[in-house]
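Taking it in order: structure first as structure tokens, then the write-up.
No lab work stands behind these numbers, since they all come straight from the coordinates. Bear in mind that the values here come from a model prediction, so they are computed numbers and not experimental data. Neighbour counts run over all protein chains shown; Cβ positions are idealised from the backbone, glycine included.
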């Protein structure tokens, strides 16, 4: 299978998402769209997990850097309704301040790392991240955080969440563990998690767009990528009552870990 990433990474040409997709074969663009539909289907089924599935699938067809850029706007737009649901968004944002304070420098560092890595190293790091996130989510550790530790834990996990968000378009898993450890459940958890994803993905899109590798045309391409994600979400929401979500989630996470292993293999041996 032809991968455009090698061509642009090695030649030093400007690596824009719109250029990547423009010169690709129609079949590759169709594969990218199908990958986004599958990722949206998972989000529709269990409410989370879109980038965890999307990144390893997209990395089969386009380079990691373009995949992260492509996922930035779907991360924002697919989470806005849940972030605004129930009102009191300003209060929720204040509660997220420890995480956001850590996330901002983490994103800056992560974007710098992402844009300076060659394709193979990026794939290895992304593969490790995908496997780690899939494993942690599958095992589902149950933690309880004492009040005095909320601030330092929020800043720390926000920082590493920002790095993972930039390198692998996965800003959420570490922060989700923090929110659960605070005792958030149900709609309260969904609102804070969604608001965090909107803020982190928005800043990620700005940082990537400000870099030499991408531009504002890529933002429009990324925004268009929301359509197949929404289509997948629509289908997933309509079938989630017919399939046991916990069983489905475990099967998907096992597949995600396998996909991360494939990213590692490709990064080491390509």
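The long axis of helix 64-77 is offset from the longest Cα principal axis of the chain by roughly 40 degrees.
Under the Kirkwood approximation applied to all pairs of distinct alpha-carbon atoms, what is the hydrodynamic radius of the stretch 76-185 in Å? After inverting the mean inverse Cα-Cα distance, the result is 14.9 Å.
Give the angle, between 0 and 90 degrees and rounded to the nearest 10, that separates the Cα long axis of helix 26-46 from the longest principal axis of the Cα atoms of the chain. Helix 26-46 and the main axis of the chain meet at about 10 degrees. Once C-alpha pairs closer than 8 Å and six or more residues apart are averaged by separation and normalised to the residue number of the stretch 17-269, the relative contact order reads 38 percent.
Considering only 173, 56, 81, give the residue with the highest GNM mean-square fluctuation for the chain, with springs between Cα atoms whenever their separation is below 10 Å. It is 81.
Arranged from fewest to most other beta-carbon atoms within 10 Å of their beta carbon, 265, 91 become 91, 265. To the nearest 10 degrees, how steeply does helix 119-139 sit against the main Cα axis of the chain, on a 0 to 90 scale? Approximately 30 degrees, to the nearest 10. Pair-distance distribution P(r) for the stretch 17-269, from all Cα-Cα distances in 5 Å bins starting at 0: 1, 7, 14, 19, 22, 18, 12, 6, 2, 0, 0 percent.
Across the stretch 148-270, Cα pairs under 8 Å and at least six residues apart give a relative contact order of 14 percent.
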